[in-house]
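Take a look at the structure set out below.
The values are calculated or read from the model by the stated rules, or taken from the named source; none is laboratory data. Here the structure is a predicted model, which is why all the values come from computation and not from measurement. So basically every Cβ, Gly included, is an ideal-geometry build from the backbone, and we count neighbours across all protein chains shown.
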Amino acid sequence: MAESSSSVASATPEAVAVAPALRKGLLAKIGFPLAVAAAYGIHAAVSKQEPELETRNYTIFLAGLGGLGLLAGALQLFLGGFRRWMQEMWPILSAAVLVFGVLEIVTTGVRLLPLPYFPSPPKILQSAIQDRVLIWESTYHSLFLLMRGYLLGVVMGVVTGVCIGWFKTARYWGMPVMKVVGPIPATAWIPLALIISPSATLSAIGLIAIAVWFPVTMLTASGIANTRSSYLDVAKTLGAKPSYLIFRVAIPAAMPNIFLGLFMGLGAAFLTLVVAETVGVKSGLGWYLGWSREWAEYGKVFAALGIMAIFFSTIMTGLFALRDRVLVWQKGTIKW
Amino acid sequence: MVSSPSPQQVAEGSALRVNGVSKRFVSPDRSEFTALDNVSLSVKAGELVSLVGPSGCGKSTLLRMIAGLETPDSGELLVGSEQITKPCASRGLVFQDPNLFPWLTVRKNVQVGPTARGVKGETKQEVEDFIRLVGLENFADAFPHHLSGGMAQRVALARALINHPQILLLDEPLGALDAFTRMRMQDEVLRLWQARGTTMVFVTHDIDEAIYMSTRIVIMTPRPGRIEEIIPVELERPRDRSSQEFLELRGRILKMLHFAGDQH
C-alpha cells in the first residue's frame, strides 16, 4: 500500500495530495442526489403494478428531494459553512433516503411483510397527501393542547419546586405528598379526570400538566435546595435580601436542574398527550392515529407516526435551543 | 505605587471589637468541639490584621462571625458601637474560592452588590471604574468559566469593594493561586488598602504573606480556638521579603506556631 502510493506520488505528487480531498468534496456534493437516484431506480423497478397516482406523487417527491440535493451540491461551491455541514451530514441524509428504497423492496418488491399492515413508502405518502387537511388540523390541535398543558405544568412545577426547595415548612409538608402522589403515571388519572372535568379537552390539559408537574417540581426542588451555600453567603455579605437570594441566586443556580425537569416533563407530556387524545379528546394526532387504525388504513397510521416524529423532535429541538441560550454560561452541555 | 484616591473613592474604615466571643459546634459524630473560646480582639480603623494559625483554630469561624454569617454562643462583636447581628453590605467578605456567580458576566458579577442594594442605576460608571481598577476591562462581558484563578479572584475583590465596605474580610483569598500571581495580588490588595483606608481582616496560612501585608499578626491555636499572641509588624513598606528583620520575625512566628502545635 505504502509502496504503491509512493510510486504514484513520484509520478504526480500534486494529484495524489489533492485527490482524497477532492473525492471527499465531490461525494459530499453528489452523494445525496445519487442516493435519491437509487431510491428512484428501486421504485421504478418494483412498482409497475401499483396505482398510477401513488407512483406519480412519489416520483414528484423523489424529484423534489433530488432537486434539493443538486441545489445543496451547487450551494457548497459558494457557502463554506454549508459545505462543512454537508460533508458531515451527507452519509446520514443519503442513508435516510436509501431506507425508503429498502422499505419499498421489502414491501412492494418481495412482499415480505403482511398487507395491509405494512404499506410501501409511496402508499404512506399518498395517504398523507390524501388526508393533508385533517393531518394539518390534527397537528395544530395537538400542538395547542400540548402547549397549554405543558406550560401550566411547568408553571405549577417551578412554583412548587422553588417553594419545596427553599422553605423548610413547605418541604416538610410538600415532600411526602410529592413522594406518594408524584410517581403515579398521569395516564392513571384518566378515569378520575373524565368524571371531574366538564370537557375532555380540559381533562387532557390537566393530565398533561400533572405529567409535567412532577418531574419539574422534583428537579427544581433539588436544584434550589442544593444551591451552593457559599453563593448565598456571598450574596448576603453584599447586601442581598431574601427575594434576591431566591430569584437572583437560587433560581439561576438551579437552572441546569430545572431544564432537566423540563426535558423529562416534555417526554411525559408527549406520552400523556397521545393517550389523552386516544381516550377522550376527539381531535389531534393521537386521535387521528387511533381513528386510522380502526378503519385499518395503515398508510395513514404510518403517516401519522411520521408526522409525530417530526412534530415531537422539532419541539424537543426547540427546547434544547432554549436551554443553550439560557445556559450559555455553562462550560460543556449535552448536545441534542 | 499608591495613586492618590479621588475623594468619593475613600471609604473610611471602621474600628472592630470582638469581646469574649465563644462558639461551639457539633461535629458529624455528635461530639461537641469549641471552635472559639473566649476570644477578644480589637482592630483599629484602617488596620490590616491577619489571622494565622493551624487549621481548626477557628480563624475562619471568627471571620464568618464578623461578617454576620454566624452568631456567637456568648460574647459580642461590635463595629464602632454597633453590634453585629446579621450580614451587611458594609462588611465585605472574599473567600478562597472566588465564588463568582457563573451565570453572570464579569460586569454583572461586579454589579451584584449595587443591584442587591437597589442602587444599580447610580453606579453604572462605578462598575466600569472597578473593573478597570482590577485590570479586567477586556473581560467585562466574559463569563467566569473563561477566567483564570487570579482573574476570578480580582473580580471577587472588585465585587466586594464596590460596596465601599468599612471592613473587608478576606478568608485565604490568595490561597489557591500560584506563587507569582499570589505576590502580584498581595501588592494589589495592599494598594487598595492604602488607597481606600478600609479596615481589613485577613486569614492566611502563609506566614510570609502575613508579615508582608499586615500591621499586626494574630496567632491562633486550635482545640479550643484561642488567640495565642498578637505581633505588631513595624517594617517599612514596601517590605523586603529577604531582609534580616523579615526573616527574624518569620523565625519567631514559626517557632511560636510549632510550639503551639506540640502542646496537643
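When you scan the range B:61-72, do you find a residue that is of a type in the set (A, V, I, L, M) and either farther than 22 Å from residue A:236 by Cβ or in contact with a Cys (Cβ under 9 Å, 6 or more places away or on another chain) (or both), even just one?
There is at least one residue in the range B:61-72 that is of a type in the set (A, V, I, L, M) and either farther than 22 Å from residue A:236 by Cβ or in contact with a Cys (Cβ under 9 Å, 6 or more places away or on another chain) (or both).
Does the range B:27-70 hold any residues that are in contact with a Lys or Arg (Cβ under 6 Å, 6 or more places away or on another chain), assigned to a strand (DSSP E or B) and touching a residue at least 40 places away in the same chain (Cβ under 8 Å), and which are they?
B:34, B:35, B:36, B:37, B:49, B:51
Regarding the range B:120-140, can at least one residue be identified that is assigned to a loop (DSSP other than H, G, I, E, B), within 12 Å of chain A (Cβ to nearest Cβ) and not charged (D, E, K, R)?
No, the range B:120-140 has no match at all.
Can you name the condition, by its number, that residue A:208 falls short on among (1) within 14 Å of chain B (Cβ to nearest Cβ); (2) in contact with a Leu (Cβ under 7 Å, 6 or more places away or on another chain)?
Among (1) within 14 Å of chain B (Cβ to nearest Cβ); (2) in contact with a Leu (Cβ under 7 Å, 6 or more places away or on another chain), residue A:208 violates only (1).
Looking at the structure I just gave you, is residue A:230 within 11 Å of another protein chain (Cβ to nearest Cβ) and either over 30 Å from residue A:192 (Cβ atoms) or part of a loop (DSSP other than H, G, I, E, B) (or both)?
It is true that residue A:230 is within 11 Å of another protein chain (Cβ to nearest Cβ) and either over 30 Å from residue A:192 (Cβ atoms) or part of a loop (DSSP other than H, G, I, E, B) (or both).
So, of the residues in the range B:40-88 that are within 14 Å of another protein chain (Cβ to nearest Cβ) and of a type in the set (Gly, Ala, Ser), which turns out to be surrounded by the fewest Cβ atoms within 10 Å (Cβ to Cβ)?
Filtering the range B:40-88 for residues that are within 14 Å of another protein chain (Cβ to nearest Cβ) and of a type in the set (Gly, Ala, Ser), the one surrounded by the fewest Cβ atoms within 10 Å (Cβ to Cβ) comes out as B:68.
Of everything in the range A:132-172, what is under 16 Å from residue A:276 (Cα atoms) and of a type outside the set (A, V, I, L, M)? Give them in sequence order.
A:138, A:139, A:140, A:141, A:142, A:144, A:148, A:149, A:150, A:153
Exactly one of (1) loosely packed, with under 15 Cβ neighbours inside 10 Å; (2) over 18 Å from residue B:103 (Cβ atoms) is unmet by residue A:315. Its number?
Of everything listed in (1) loosely packed, with under 15 Cβ neighbours inside 10 Å; (2) over 18 Å from residue B:103 (Cβ atoms), residue A:315 misses just condition (1).
Taking the options B:220, B:213, name whichever one is surrounded by 14 or more Cβ atoms within 10 Å (Cβ to Cβ) and closer than 11 Å to residue B:51 by Cα.
Testing whether each residue is surrounded by 14 or more Cβ atoms within 10 Å (Cβ to Cβ) and closer than 11 Å to residue B:51 by Cα leaves just B:220.
Output the number of residues of the range A:85-96 satisfying the condition of being free of Cβ contacts under 8 Å to residues at least 60 places away in the same chain and within 14 Å of residue A:27 (Cβ to Cβ).
4
If you go through the range B:103-117 one residue at a time, how many are at the interface with chain A (Cβ under 9 Å from one of its Cβ atoms) and assigned to a loop (DSSP other than H, G, I, E, B)?
Residues flagged as at the interface with chain A (Cβ under 9 Å from one of its Cβ atoms) and assigned to a loop (DSSP other than H, G, I, E, B) within the range B:103-117 amount to 3.
Of all residues being among the polar types (S, T, N, Q) and more than 7 Å from chain A (Cβ to nearest Cβ) in the range B:89-102, which is farthest from residue B:116 (Cα to Cα)? Just the residue, please.
B:96
Looking only at the range B:150-181, filter to residues that are surrounded by 20 or more Cβ atoms within 10 Å (Cβ to Cβ) and over 18 Å from residue B:99 (Cβ atoms); which one of those is nearest to the other protein chains (Cβ to nearest Cβ)?
Top of the filtered list is B:167.
Out of everything in the range A:1-48 that is among the charged types (D, E, K, R) and surrounded by fewer than 16 Cβ atoms within 10 Å (Cβ to Cβ), what residue ends up being modelled with the highest pLDDT?
Filtering first and then ranking leaves A:48.
Residue A:171 is checked against (1) at pLDDT 90 or above; (2) more than 21 Å from residue A:209 (Cβ to Cβ); (3) out of contact with any helix residue (DSSP H, G or I) (no Cβ under 6 Å at 6 or more places or on another chain) and fails just one. What number does that condition carry?
Of everything listed in (1) at pLDDT 90 or above; (2) more than 21 Å from residue A:209 (Cβ to Cβ); (3) out of contact with any helix residue (DSSP H, G or I) (no Cβ under 6 Å at 6 or more places or on another chain), residue A:171 misses just condition (3).
Given the conditions (1) surrounded by 15 or more Cβ atoms within 10 Å (Cβ to Cβ); (2) without any contact (Cβ under 8 Å) to a residue 40 or more places away in the chain; (3) over 19 Å from residue A:283 (Cβ atoms), report the number of the one that residue A:176 does not fulfil.
(1)
Pairs only if they're at least six apart or on different chains, beta carbon under 6 angstrom, first in the range A:255-282 and on the phi < 0 side of the Ramachandran plot, second part of a loop (DSSP other than H, G, I, E, B); list them, first residue then second.
The qualifying pairs are A:277/A:284.
Of the residues A:253, A:235, A:304, which single one is part of a helix (DSSP H, G or I) and more than 14 Å from chain B (Cβ to nearest Cβ)?
Answer to the check: A:304.
Count, please, the residues in the range A:157-214 that happen to be assigned to a helix (DSSP H, G or I), closer than 26 Å to residue A:229 by Cα and not basic (Lys, Arg).
19
Working only within the range B:54-70, note down all residues that are on the phi > 0 side of the Ramachandran plot and either aromatic (Phe, Trp, Tyr) or modelled with pLDDT under 90 (or both).
Scanning the range B:54-70 gives B:56, B:58.
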